[in-house]
1. With respect to Val192, is the statement that it is over 26 Å from Leu44 (Cα atoms), crowded, with 24+ Cβ neighbours inside 10 Å and within 13 Å of the ligand (Cβ to nearest atom) true?
2. Restricted to the range 322-342, and to residues that are of a type outside the set (A, V, I, L, M) and open to solvent by less than 50 Å² (accessible area, probe 1.4 Å), which residue is nearest to His29 (Cα to Cα)?
3. Just need a number here: residues in the range 210-220 that are within 13 Å of the ligand (Cβ to nearest atom) and either open to solvent by 10 Å² or more (accessible area, probe 1.4 Å) or assigned to a loop (DSSP other than H, G, I, E, B) (or both).
4. Of (1) closer than 21 Å to Ala46 by Cβ; (2) out of contact with any Asp or Glu (no Cβ under 6 Å at 6 or more places or on another chain), Ala218 satisfies all except one. Which?
5. Gln26 fails exactly one of the following numbered conditions: (1) open to solvent by 40 Å² or more (accessible area, probe 1.4 Å); (2) closer than 25 Å to Val402 by Cα; (3) of a type outside the set (A, V, I, L, M); (4) free of Cβ contacts under 8 Å to residues at least 24 places away in the same chain. What is the number of that condition?
6. Tell me, yes or no, whether the range 280-291 has at least one residue that is open to solvent by less than 20 Å² (accessible area, probe 1.4 Å), assigned to a loop (DSSP other than H, G, I, E, B), touching a strand residue (DSSP E or B) at 6+ places or on another chain (Cβ under 9 Å) and touching a residue at least 12 places away in the same chain (Cβ under 8 Å).
7. Would you mention how many residues in the range 221-270 are among the hydroxyl-bearing types (Ser, Thr, Tyr), surrounded by fewer than 24 Cβ atoms within 10 Å (Cβ to Cβ) and within 12 Å of the ligand (Cβ to nearest atom)?
8. Can you name every residue in the range 164-189 that is small (Gly, Ala, Ser) and either more than 16 Å from the ligand (Cβ to nearest atom) or out of contact with any Leu (no Cβ under 6 Å at 6 or more places or on another chain) (or both)?
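The values are calculated or read from the model by the stated rules, or taken from the named source; none is laboratory data. Everything numeric here is computed off the predicted structure, so don't read it as measured data. Methodologically, a virtual Cβ is constructed for each residue, glycine included, from the backbone with ideal geometry; neighbour enumeration extends over all protein chains shown. The accessibility values were calculated without ligands, DNA or RNA, using every heavy atom of the protein model including side chains. Shrake-Rupley method; radii C 1.70, N 1.55, O 1.52, S 1.80 Å.
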Amino acid sequence: MIHQHDAIAAFDPALWGAMVHESGYQEEHVTLIASENYASPRVLQAQASVLSNQYTAHHPNPADRIEQLALARVKQLFGAAYANVQPDSSAQANTAAYAALLNPGDTILGPSLAHGGHWADGAAASSSGRLYHVVHYGLHRQTGEIDYEQMHALARKHRPRLIVAVFSEQSRKLDFARLRAIADEVAAYLLVDIDHVVGLVAAGLYPNPVPIADIVTAGTHKTLRGPRGGVILARTNPKIEKKLDALVFPDAHGGPSMHVMAAKAVAFKEALDRSFIAYQCQVITNARAMVEIFLARGYKVVSGGTHNHMFVVDLAGKRISAKEAHLALGQAHIAVNNNAQAPCAARGIRIATPAVTTRRCKEPEVKLIAALVCDVLDRPGDESVIHHVREQVRQLCRHFPVYAEDCMPLARISRAA
Ligand SMILES: *Cc1c(COP(=O)(O)O)cnc(C)c1O
């Protein structure tokens, strides 16, 4: 129980002001950013609990119970024989996965950042880029999908020890069996980072790579709608399992974040509920409904459509750049990714529906949002359009709050608190 005089608001008004501002921002903006979502009040409650005080090293029993609950649920969700729910981020999960499979200097075949790869996956700036020799495969210019033939040729030429498949903007389904066949031919491991589609996989709406890949990594805070964190999944492989556990603890941290692990357990339980399948179905339906509007308004969508929660609107040949679009939409209270990495040169904005769908928006609302985005894109530099769109977005946000007013104060920070 926090008494008024112990509350942050009274103790640290500067920090509290920033928190209030962020809370207001989340309520009054529409986010179409693929990596963002809103965790449930239950997930927030677990994270704000006394579990934050606990160090597993000293209290193995209750902590064990929480970890076992999280492990059992995540294994059930993905049909995984092995899981590790301790990583604090998916970058940490990837680092451990690489170290379990590779020795420094080994060759990885992975996507370049310019083609949908993520910085954590062998990019020069990350530790994986420094430790390993990374060869990059690209994407088809037209379809934005993995160029399997090029990947196959590169695998034969470079004989990588590991092939990494990762999503950042692919709107189509990856062919995991084909990736496995390429990896097997050159005796490489296969790692799939499903950070973006993990919620769709959990709901059975996207192919599950767990039975096919050697290791699968994911974040728990994107489409899975849990706390910020990572998870490692694998089919049975005792040799890799032991290494993986040791690489997360004690290599990556001295003790896991018990409060986050509890929040993961909550999120996995939510994901096992039927309502989660309905949610993910709506995520996909909403993405398709938005694509329809962009196409009708004369915008090109990379891949021509989407099979998941996201798509890239190609702004090539339009009067507005991706960067200008990102800024103008931001002024109109609509957040999108300015995708410098869009497969068709640096002119795309990436749009995704997990967050708006959590707000309970359905086709009519997301179609309105898509139309409002088009209004802004159609008239670069037109302040009156931005003003008009912002008012409509605000109104929509009021009708579709992220957290109810009477929700626990931690979920909805009010000025009055
Ligand atoms: C977001 C993302 C990451 C990094 O996730 P963190 O949890 O922030 O470390 C890694 N890989 C992919 C494909 C991502 O989309």
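1. Details: over 26 Å from Leu44 (Cα atoms): yes; crowded, with 24+ Cβ neighbours inside 10 Å: yes; within 13 Å of the ligand (Cβ to nearest atom): yes.
For Val192, the condition - over 26 Å from Leu44 (Cα atoms), crowded, with 24+ Cβ neighbours inside 10 Å and within 13 Å of the ligand (Cβ to nearest atom) - is met.
2. First, pick out the residues of the range 322-342 that are of a type outside the set (A, V, I, L, M): 323-324, 326, 330-331, 333, 337-339, 341.
Applying the additional criterion that residues be open to solvent by less than 50 Å² (accessible area, probe 1.4 Å) yields 330, 333, 337, 339.
Working: Gly330: 9, His333: 5, Asn337: 14, Asn339: 20 Å.
Top of the filtered list is His333.
3. Going through the range 210-220, the residues within 13 Å of the ligand (Cβ to nearest atom) turn out to be 216-220.
After this cut, where a residue has to be either open to solvent by 10 Å² or more (accessible area, probe 1.4 Å) or assigned to a loop (DSSP other than H, G, I, E, B) (or both) as well, the list is 220.
The qualifying residues number 1.
4. (2)
5. Every listed condition holds for Gln26 apart from (4).
6. No: zero hits.
7. Restricting attention to the range 221-270, the residues satisfying the condition of being among the hydroxyl-bearing types (Ser, Thr, Tyr) are 223, 236, 257.
Now drop any that are not surrounded by fewer than 24 Cβ atoms within 10 Å (Cβ to Cβ), which leaves 236, 257.
When the remaining residues are screened for being within 12 Å of the ligand (Cβ to nearest atom), the result is none.
The total comes to 0.
8. Our first condition is that a residue be small (Gly, Ala, Ser); within the range 164-189, this holds for 165, 168, 171, 177, 181, 183, 187-188.
If the condition is that a residue be small (Gly, Ala, Ser) and either more than 16 Å from the ligand (Cβ to nearest atom) or out of contact with any Leu (no Cβ under 6 Å at 6 or more places or on another chain) (or both), then Ser168, Ser171, Ala177, Ala181, Ala183, Ala187, Ala188 are the ones that fit.
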